[in-house]
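Visitor: Below: one structure in structure tokens.
The values are calculated or read from the model by the stated rules, or taken from the named source; none is laboratory data. Predicted model, so just to flag it, every value in this text is computed and none were measured. Neighbour counts are summed over all protein chains in view; Cβ atoms, including those assigned to glycine, are modelled from backbone coordinates with ideal geometry.
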Amino acid sequence: MNLYSSEVEQSLLGSLLLDNKNFERTKGLLVSTFFYHEEHGTLYNIIATLLKEGKIASPNTCRILWEQQTKKEAEYLFDLIASVITTDIEGYCGVIKEYYVRRTLKTIGEDLQINAKELPLDTIIPSLEKEIKPLQKLILSKPIELPSVVVENIIQEITDYAQSDETTKGLATGFKALDKAIGGLKKSHLTILAARPSMGKTALALNIATHTARHYHVLFFSVEMTARQLMIRILSQQSRIPSFAIENEKLSDNQIAILKRVEPKLFPFIDDTCTTIQQIETTIQSIHQTRPIDLVIIDYLQLLGDKNNQNRTMEITNISNNLKTLSKELNIAVLALSQLSRNLDSRADKRPLLSDLRDSGAIEQDADVVTFLYRDEYYNKNQDANKHKAELIIAKNRSGETKTINLLFNGRLTEFTEPY
């Protein structure tokens, strides 16, 4: 089986020469490297160059550049126009791209046959993931939509929301003040929840996960805690039995009966095996194909990858970039937890600032929403006025205002609630 079609490549290029307006339809669907025949990729670039300069791309205007760059006769350009049967531009682009992906996979497979015999697995697999990832993006990529289509979709979305019973556009977090401020956790958005250790960011993320799991598919990646530990926390919150008692004490028959009545749908899917962003991406894409995911939660960014990496800033930057890209490609909401720099502990006012985000400024740049969790009680344990009080600081909100939301923290149940 040939992993190319000369006829399709010729028909596409002939269509572009026949009517230059067709070139716009290839944008976002095709690049010159997708062509099997090198001279066809060269001609595609020549056409693009001429059109960018405001000139007409025809066999006559392409002649000089074609002969210089390919050393082939210009008569071939006229033959391309003659070969056009239909002008199914999108169809041609799809075929050419698919063959490109298949050829690349074949090359990767051939290399893998050799490397599988010689290289260690911890070298082969990351390298294979790195090569496969661009192909996954090509398969998932969508054509650029016309402005009129985008506007029409926005108006339809606004109309549907206005006529629905929903109280928030995004995925409801269970915290009304937060949902009102950010519109819920929105698909294709990256939201950051950051805090210093022991502030309760895992507890808050788990509160959000259990609420969202009532109506949506939630996938929770825990790099710090085991799935069992998190499940015990959920059982504690739902049964009102302290997690310490569930973990360590002999419970009464009544307490056990209460635990058995906890609804299974409140439990998100929890993965405690992934330790790299590549593993997380692979897992998400695999599950998403058969069971579409609405919300992904990652606890937490700085535990991913190699903590001894000398260029830790670059590594965290890549992780942040990948999460933002993934949220857009799969149209899912991503909530990523993050540590904060310990430097803020030396300040008189220890409420976090955007500059406190640890290891990378890219986290702030990539995120659509950045929130900080702060409990003054942690620093001033003897002040009764601060007991059980928490602040969720919205420090960045791409679609709205920044503000502080007041919460209450129940340490026995590792649970956050609203004060009303």
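Visitor: Kindly check whether there is at least one residue in region 355-366 that is in a strand (DSSP E or B) and either in contact (Cβ under 8 Å) with a residue 40 or more places away in the chain or in the same structural domain as LYS180 (by TED's automatic domain parsing) (or both).
Guide: Taking region 355-366 as the starting set, the residues that turn out to be in a strand (DSSP E or B) are 357.
Still in the list and also either in contact (Cβ under 8 Å) with a residue 40 or more places away in the chain or in the same structural domain as LYS180 (by TED's automatic domain parsing) (or both): 357.
Checked against the condition, which is being in a strand (DSSP E or B) and either in contact (Cβ under 8 Å) with a residue 40 or more places away in the chain or in the same structural domain as LYS180 (by TED's automatic domain parsing) (or both), region 355-366 yields at least one hit.
Visitor: Let me ask you something else. Would a scan of region 183-192 turn up a residue that is touching a Ser or Thr at 6+ places or on another chain (Cβ under 9 Å) and either surrounded by fewer than 16 Cβ atoms within 10 Å (Cβ to Cβ) or more than 27 Å from GLU281 (Cβ to Cβ) (or both)?
Guide: Quick first cut of region 183-192, residues touching a Ser or Thr at 6+ places or on another chain (Cβ under 9 Å) only: 183-192.
Going one step further and asking which of them are either surrounded by fewer than 16 Cβ atoms within 10 Å (Cβ to Cβ) or more than 27 Å from GLU281 (Cβ to Cβ) (or both), we end up with 188.
The answer is yes, given that some residue of region 183-192 is touching a Ser or Thr at 6+ places or on another chain (Cβ under 9 Å) and either surrounded by fewer than 16 Cβ atoms within 10 Å (Cβ to Cβ) or more than 27 Å from GLU281 (Cβ to Cβ) (or both).
Visitor: If you don't mind, there's one more thing I want to ask. Yes or no: LEU230 at pLDDT 85 or above and closer than 19 Å to LYS186 by Cα?
Guide: On the way: at pLDDT 85 or above: yes; closer than 19 Å to LYS186 by Cα: no.
The answer is no for LEU230.
Visitor: Helices (runs of 4 or more DSSP H) wholly in region 72-149 with at least 2 residues that are surrounded by 12 or more Cβ atoms within 10 Å (Cβ to Cβ) and touching a Gly at 6+ places or on another chain (Cβ under 9 Å) - which ones?
Guide: Details: elements: 75-82, 89-118, 121-140.
Output list reads 75-82.
Visitor: Follow-up question, since we're still on this one. Filter region 263-315 for residues that are among the aliphatic types (A, V, I, L, M), at pLDDT below 85 and within 22 Å of ARG214 (Cα to Cα) and give the result.
Guide: LEU266 - this is the single residue of region 263-315 that is among the aliphatic types (A, V, I, L, M), at pLDDT below 85 and within 22 Å of ARG214 (Cα to Cα).
Visitor: Separate question: In the set LYS403, LYS396, LYS381, which member is more than 20 Å from LYS187 (Cα to Cα), in contact (Cβ under 8 Å) with a residue 24 or more places away in the chain and assigned by TED's automatic domain parsing to the domain that holds MET199? If you could, list the steps in order and put the result at the bottom.
Guide: Details: LYS396 fails: more than 20 Å from LYS187 (Cα to Cα); LYS381 fails: in contact (Cβ under 8 Å) with a residue 24 or more places away in the chain.
None of the other options fit; the residue is LYS403.
Visitor: Let me ask something else about it. State yes or no: is LEU357 more than 18 Å from ILE208 (Cβ to Cβ) and not hydroxyl-bearing (Ser, Thr, Tyr)?
Guide: Working: more than 18 Å from ILE208 (Cβ to Cβ): yes; not hydroxyl-bearing (Ser, Thr, Tyr): yes.
So LEU357 fits the description; yes.
Visitor: Further question: In region 388-420, what residues are part of a loop (DSSP other than H, G, I, E, B) and touching an Asp or Glu at 6+ places or on another chain (Cβ under 6 Å)? Steps first, answer last, please.
Guide: Taking region 388-420 first, the residues part of a loop (DSSP other than H, G, I, E, B) are 388, 398-402, 411-414, 418-420.
Matches in region 388-420: ARG398 only.
Visitor: Go through (1) farther than 21 Å from ILE208 by Cα; (2) in contact (Cβ under 8 Å) with a residue 60 or more places away in the chain; (3) surrounded by fewer than 14 Cβ atoms within 10 Å (Cβ to Cβ) one by one and return the number of the condition LYS250 breaks.
Guide: Result: LYS250 passes all but (2).
Visitor: Might you check whether a residue that is in a helix (DSSP H, G or I), more than 35 Å from the chain's Cα centre (by Cα) and either modelled with pLDDT of 90 or more or surrounded by fewer than 13 Cβ atoms within 10 Å (Cβ to Cβ) (or both) occurs anywhere in region 29-43?
Guide: Initial filter on region 29-43 (in a helix (DSSP H, G or I)): 32-34, 38-43.
From what's left, more than 35 Å from the chain's Cα centre (by Cα): 39, 43.
Restricting the remaining residues to those that are either modelled with pLDDT of 90 or more or surrounded by fewer than 13 Cβ atoms within 10 Å (Cβ to Cβ) (or both) gives 39, 43.
Yes, the conditions are met somewhere in region 29-43.
Visitor: From the residues in region 213-257 that are basic (Lys, Arg) and not in a helix (DSSP H, G or I), which one is farthest from CYS274 (Cα to Cα)? Break it down into steps so the answer makes sense when it comes.
Guide: The first filter runs over region 213-257 and keeps only residues basic (Lys, Arg), leaving 214, 228, 233, 240, 250.
Among the residues that remain, those that are also not in a helix (DSSP H, G or I) are: 214, 240, 250.
Values: ARG214: 25, ARG240: 30, LYS250: 33 Å.
If we take residues in region 213-257 being basic (Lys, Arg) and not in a helix (DSSP H, G or I), then LYS250 is farthest from CYS274 (Cα to Cα).
Visitor: Right, next: What is the number of the single condition among (1) modelled with pLDDT of 85 or more; (2) within 18 Å of GLN339 (Cβ to Cβ); (3) small (Gly, Ala, Ser); (4) over 14 Å from the mean Cα position of the chain (by Cα) that ALA257 does not meet?
Guide: (2)
Visitor: Mind checking which residues of region 221-246 are of a type in the set (D, E, K, R), touching a helix residue (DSSP H, G or I) at 6+ places or on another chain (Cβ under 6 Å) and free of Cβ contacts under 8 Å to residues at least 40 places away in the same chain?
Guide: none
Visitor: Something else: Residues in region 283-319 that are buried (at least 16 other Cβ atoms within 10 Å of the Cβ), over 14 Å from PHE220 (Cβ atoms) and touching a residue at least 60 places away in the same chain (Cβ under 8 Å): how many?
Guide: 3
Visitor: Select from region 376-393 the residues that are within 38 Å of the chain's Cα centre (by Cα) and of a type in the set (D, E, K, R) and write down the one among them that is nearest to LEU204 (Cα to Cα).
Guide: GLU391
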